[in-house]
Amino acid sequence: MAAGALVWRVRATRLQVALVHRPRYRDWSWPKGKLEPGELAPVAAVREVEEETGMSVVLGLPLPGLEYGLADGRDKVVHYWAARQAGRGDDAPLRARPPVPHADRAEIDHWEWFDVPEAGRRLTRRADREPLDALAEAHDKGRLDTRAVVVARHGQARKRHLWGGTEDDRPLTGLGLRQAAAITPVLAAFGVARIVTSRWERCAATVAPYAAAAGLEPDVADVLTESQHEESPGRVAAAVRAVMDTRQDTVLCTHRPVLPTVLDVLSAHSPRPVADSLPVDNPFLSPGEVLVAHAGETPRGVRVLAVERHRSSVTAD
């Protein structure tokens, strides 16, 4: 398993991408590399880009991945995302990332920006042009500049029948606390700069590690609790629409019974193929799992252009 990104920028109306040169293979390719043990693909993607180019990036749309056989008989699977170079407004997610050492020059000796047509000619592997074609198509349609709406289900909580307190202070288990810590690098990879969370303890505790690492103060919302959702699902829907309209990468943390309303709003703002990819079966998301909705401006208003799910890297023994 490997992950990487097509880092893009626009200069004088021309779409450009960053390629890296590997002296050992004497080839040009996308910055990418193997996942470390327990590492999720989007986290590996931003780490590998920084290792090989020195650029800190924020992930955007997922792009077609590649799968091919290796000389030793194993299959290699590579996940790719569109990515932009981090800039003003990205201080919070960058604070939440650990330092990344640069690749040895024997591995990567050079990287360079190329206009898309030239990048297509420079790429050594023909298969590497598939994600490039998808990136260029998204740009031509005005759909490359997106923001992330990350929907997080809180980590595993103490069971109701084993908790003597109230619903609003039922805490995370030890596993749930580890799942909360594991969410931090995922949120940082997608550039989350705003946190909106249910007031109840199990949600607040799930986003607390990221809030501390990124230096963010969460927006605490009563409307996202289970009890408030029972009283008025419409208020939850309004809160989700407000998050979508905000031009910030945002995480929204809530509870399993609230997820159908959240997903209904995303579905209503999605083209049919994207809507059909949203989860429809209970429990919708596993504890500590996140769904990333990539939202962009279109002539029809804000639309969800792609979705992806990432289960927690921390599971029960």
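The values are calculated or read from the model by the stated rules, or taken from the named source; none is laboratory data. For clarity, every value in this text was computed on a predicted model and none was experimentally measured. Every residue, glycine among them, receives a Cβ derived from its backbone with ideal geometry; neighbour counts consider all protein chains shown.
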Restricting attention to region 193-225, the residues that are in contact (Cβ under 8 Å) with a residue 40 or more places away in the chain, among the β-branched types (Val, Ile, Thr) and part of a strand (DSSP E or B) number exactly 3
Would you call Ser270 modelled with pLDDT of 95 or more, surrounded by fewer than 15 Cβ atoms within 10 Å (Cβ to Cβ) and among the hydroxyl-bearing types (Ser, Thr, Tyr)?
no
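With a cut-off of at least 3 residues that are free of Cβ contacts under 8 Å to residues at least 60 places away in the same chain, within 23 Å of the chain's Cα centre (by Cα) and not assigned by TED's automatic domain parsing to the domain that holds Thr250, name the strands (runs of 3 or more DSSP E) lying wholly within region 23-74.
On the way: elements: 27-29, 32-34, 57-69.
Correct list: 32-34.
Here is a yes/no grid of residues against (1) surrounded by fewer than 24 Cβ atoms within 10 Å (Cβ to Cβ); (2) touching a Phe, Trp or Tyr at 6+ places or on another chain (Cβ under 6 Å); (3) more than 18 Å from Asp245 (Cα to Cα):
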{"site": "Arg158", "(1), (2), (3)": "yes, no, yes"}
{"site": "Arg170", "(1), (2), (3)": "yes, yes, yes"}
{"site": "Thr184", "(1), (2), (3)": "yes, yes, yes"}
{"site": "Arg194", "(1), (2), (3)": "yes, no, no"}
{"site": "Trp200", "(1), (2), (3)": "no, no, yes"}
{"site": "Val207", "(1), (2), (3)": "no, no, yes"}
Out of region 290-312, which residues are surrounded by fewer than 22 Cβ atoms within 10 Å (Cβ to Cβ) and outside any strand (DSSP E or B)?
Pro299, Arg300, Arg311
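Here is a yes/no grid of residues against (1) out of contact with any Ser or Thr (no Cβ under 9 Å at 6 or more places or on another chain); (2) part of a helix (DSSP H, G or I):
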| position | (1), (2) |
| --- | --- |
| Ser227 | yes, yes |
| Glu230 | yes, yes |
| Val236 | no, yes |
| Met244 | no, yes |
| Arg247 | yes, no |
| Val251 | no, no |
| Asp264 | yes, yes |
| Ser267 | yes, yes |
Any idea how many residues of region 133-152 are in contact with a helix residue (DSSP H, G or I) (Cβ under 6 Å, 6 or more places away or on another chain) and either not in a strand (DSSP E or B) or not aliphatic (A, V, I, L, M) (or both)?
2
Looking at region 153-171, is at least one residue among the polar types (S, T, N, Q), outside any helix (DSSP H, G or I), over 22 Å from the mean Cα position of the chain (by Cα) and assigned by TED's automatic domain parsing to the domain that holds His21?
no
Matching entry among Arg256, Arg241 (being touching a residue at least 60 places away in the same chain (Cβ under 8 Å) and charged (D, E, K, R))
Arg256
All but one of (1) more than 20 Å from Glu130 (Cβ to Cβ); (2) hydroxyl-bearing (Ser, Thr, Tyr); (3) modelled with pLDDT under 95 hold for Thr53; which doesn't?
(3)
Could you tell me which of the residues Thr225, Thr315 is surrounded by fewer than 16 Cβ atoms within 10 Å (Cβ to Cβ), among the β-branched types (Val, Ile, Thr) and on the phi < 0 side of the Ramachandran plot?
Thr315
Within region 279-289, residues surrounded by fewer than 19 Cβ atoms within 10 Å (Cβ to Cβ), touching a strand residue (DSSP E or B) at 6+ places or on another chain (Cβ under 8 Å) and either free of Cβ contacts under 8 Å to residues at least 24 places away in the same chain or within 17 Å of Ala148 (Cα to Cα) (or both) come out as none
